[in-house]
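Working notes for the structure below.
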Amino acid sequence: MEEEDTEKKPTPEESLKGVTWLISIMVIVTLLAFAVFIYLQNAEPKEETSFTYNYFKFQKVDGIWYTEAQEGQNLFQIAMRYSPKEVEDVKVIGNIPELRDRWGFFFITFDPTAQSFRDVTMANAEISTKLVQHFAIGLSPGCTKPAQACEDMGAPIVSCANSTIPVIFLNQEPGPLVEIRGNCAIIQGENDDIVRAADRFMYGMYRIMG
């Protein structure tokens, strides 16, 4: 005599309950995965690499911000270390474009006794190359104090006290600040701030910022 099958089969109610539990677990796993995705998106925001500022389109490539501007009939490309958004906090005193329209030549001067010249050199590069290439403005080096290095390169002693001489003074003092004082443009800041101030000055020269 064959042994009767004593295995109990689940009732329809029990089968439905099992399916419901499976669906619930799948929903919970999906929600957790979605929550982790949202958290990671918020924890690591994507760096902004392009935007439009005062009708100028900016694009960041290899750490440098690029845009185009027009001077007369000439269209040229501008490369800046900092974007306009990154220098909006730089305080500006005076009218930058007015200084540009008034002079076609500047002494660019600095304190030769300062301890660090790295950021001053970078600020100088941000200003000098663009003034010469894009505006045909002549530049000559100067020093605010006597120093052997200044004598070696034939740089005269020039400061904002020389009221009749157009001067750009790279000042390593707390800032950041751009101040137009008579014929003198003071580009001021410590460490990277002096480079940001230099870029803010140039955005004013290009009339990208006021």
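Between Met122 and Ile157, the simple spin-label model (points 7 angstrom out along Cα→Cβ) gives 3.2 nm.
With contacts taken as Cα pairs under 8 Å at a separation of at least 6 residues, segment 91-205 carries a relative contact order of 32 percent.
Among Ser159, Ser116, which comes first, then next, by fewest other beta-carbon atoms within 10 Å?
Least crowded to most crowded, the residues run Ser116, Ser159.
When you count the other C-beta atoms within 10 angstrom of each residue and take the mean per peptide, 77-87, 194-204, 92-102, 62-72 line up highest first as 194-204, 77-87, 92-102, 62-72. What's the local net charge at Arg207, with K and R +1, D and E -1, over the other residues with C-beta under 10 Å away? Its environment carries a net charge of 0.
What length, rounded to one decimal in nm, is gained on full extension from Glu190 through to Asn54, with 0.36 nm per residue of separation minus their alpha-carbon distance? Extra length available between Glu190 and Asn54 comes to 46.2 nm. For segment 91-205, the calculated P(r) over all alpha carbon pairs, in 10 Å bins from 0 to the bin holding the longest distance, is 15, 51, 31, 2 percent.
Over all other residues within a Cβ to Cβ distance under 11 Å of Ile180, the charged ones net out to +1, with Lys and Arg as +1 and Asp and Glu as -1. Going from the fewest other Cβ atoms within 10 Å to the most, the residues Leu139, Leu170, Leu75, Leu131 appear in the order Leu75, Leu139, Leu131, Leu170.
Here, each number is a calculation from the coordinates, and none is a lab measurement. Just so it is clear, the structure is predicted and the values come from calculations on it, not from any experiment. A quick note on method: Cβ atoms are made from the backbone with ideal geometry, for glycine too, and the neighbour counts reach across all protein chains shown.
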